[in-house]
1. Based on the alpha carbons, how large is the Rg to Rh ratio for region 48-171 when Rh follows Kirkwood?
2. Output wanted: per-residue J couplings in Hz (rounded whole) for region 124-131, from phi through Karplus 6.51 cos²θ - 1.76 cosθ + 1.60, θ = phi - 60°, x for Gly and Pro.
3. Using modelled amide H (1.01 Å from N, peptide plane; none on Pro or chain starts), what sits under 5 Å from the amide H of GLN241, excluding residues fewer than 5 places away?
4. Per residue and in Å³, how big is the convex hull formed by the alpha-carbon atoms of region 181-276?
5. At most 11 other Cβ atoms within 10 Å and a DSSP loop assignment: could you name the trypsin sites (Lys or Arg not before Pro) in region 59-162 that fit?
6. Over all directions, what mean area does the Cα convex hull of region 222-270 project, stated in square nanometres?
7. When the Karplus curve 6.51 cos²θ - 1.76 cosθ + 1.60 is applied with θ = phi - 60°, which whole-Hz ³J(HN,Hα) does each residue of region 373-387 get, with x for Gly and Pro?
8. Using alpha carbon centroids, what distance separates region 308-329 and region 90-143, in Å?
Amino acid sequence: MTTRTHSTVYNEKAPERCVNTDTVPVKIGALFLSMLVFAITLGSFAQAPIARFIDANGKTVAEVQVQYQNEHVYLPVDAVKQVIDPETTHQYNHPRQRLTLKTKDREIRLQIGRPTVTIDPGAEPVTLATPPVIIAQQPMLPIDFFIQLLPILNDVEVIYNSRLNRLQIRPKDTLIPIETNGTQDLTIIVDPGHGGPDDRGCAGSTGILEKDIALTFAKQLQWTSRQHGIQVYLTRETDTQKTHFERIQVGKQKRGQLFLSLHCNASFSPHEKGIRIYVNNPKGQLRFPSTTKPALTGQRLKILAQANYLKQSKDLAYALQTELNFLTETPIQIIDLPLIALSDTYMPAVVLELGYLSNVEDLEKLSNSEYTASVAQAMTRAFQRYISAINQNIPPEGVEPQTPTSSR
Ligand SMILES: [Zn+2]
């Protein structure tokens, strides 16, 4: 979001790089947060690695100490009690290396070194990606056991984030295709920021451009959403320059009901990283604490018009935050700002910045199709969360913005 919402400065020595200069209050807060996160990260290195099980709303259900062997993650058998059923009993036959778990009126049988799990009664045998092993004379279950068995035993689905060793347990059928019989639940307008030769947005040290990342990701998001029955239209399909007005027109023509503008970020600080969500709020913190009163009354009116959708925009932002937090080390921030970019958008609207092109980690992630696919899936789940909340006429249960300390 470099051109419309704020000014962009091009560094003469590195013309490829652009930096947002007008979010200083935000940046100082973020710098403090980064330092805090750094301190916490240092602390966590001293601790044993854990797997975190979380529910559909991002709340931690269980934290289990894990062990690594040959880069695979193993959990102790007791984790089954914590995660699947506290009434679980287990027997381990040492000479035969056989492990039997009794849970939920079922008997689960495993053998050390063998990938097959039998479940009696009433379930097909499961083949694990990694067999159970013995570590320090204790039988240990691979994390795949939980990923595969939880849905069978508890009628849930499990999403695994291997990078963060995080498993989300959510009610089944939240990501199955919705019947599309011509009556769409919701039409979403996704706006890939920038475009064309003169509006490239930010650039990373690898030469990658914001306009290209935004378009590639928007197409991936459109594809993923459509797979799940959600209609998504893009404000641009190619590398073309479009005015703000033209983008809004697409939204009107397609009868959009949600507007999501996709951008990337850049900072002078190479440590600044992560996804940011912006909601257009005329009462939000001004980017330019100015002593001169803005004379643009017309513009102010437009911002106020968008403010009618503030509640819904925030609901969408919370839904996005809740789902995307699953992918990030630290909770994603929602930032309220008076955003001119969204001011003419007569529907709930959110700006999402996918990451910092000035940060090496973010650059690497955004160039990784597996990562971007998981972001697209998380955002699709956020759309579904938002849609089902509208259908049930209740606000989506959002996780309020947290400080990094409270996530521990
Ligand atoms: Zn941008």
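Readers should treat all values here as calculations from the given coordinates under stated rules, not as data from a laboratory. Note that the structure is a prediction, hence the values are computed from the model and not measured. Neighbour counts run over all protein chains shown; Cβ positions are idealised from the backbone, glycine included.
1. On the way: Rg = 13.6 Å, Rh = 14.6 Å.
Reported Rg/Rh (Cα atoms, Kirkwood Rh): 0.93.
2. 5, x, 10, 9, 7, 5, 9, x
3. Those lying under 5 Å, H to H, from GLN241 are GLY196.
4. Numbers: hull volume 10.8 nm³, N = 96.
Normalising the Cα hull of region 181-276 by residue number yields 113 Å³.
5. Values: sites: LYS59, LYS81, ARG96, ARG98, LYS102, LYS104, ARG106, ARG109; in loops: LYS59, ARG96, LYS104.
Counting only loop positions with at most 11 other Cβ atoms within 10 Å, the trypsin sites (Lys or Arg not before Pro) in region 59-162 are LYS59, ARG96.
6. Working: hull surface 20.9 nm².
Result: a mean projected hull area of 5.2 nm².
7. Karplus-based 3J(HN,Hα) across region 373-387 equals 5, 5, 5, 4, 5, 4, 5, 5, 5, 5, 4, 5, 4, 5, 4 Hz.
8. 39
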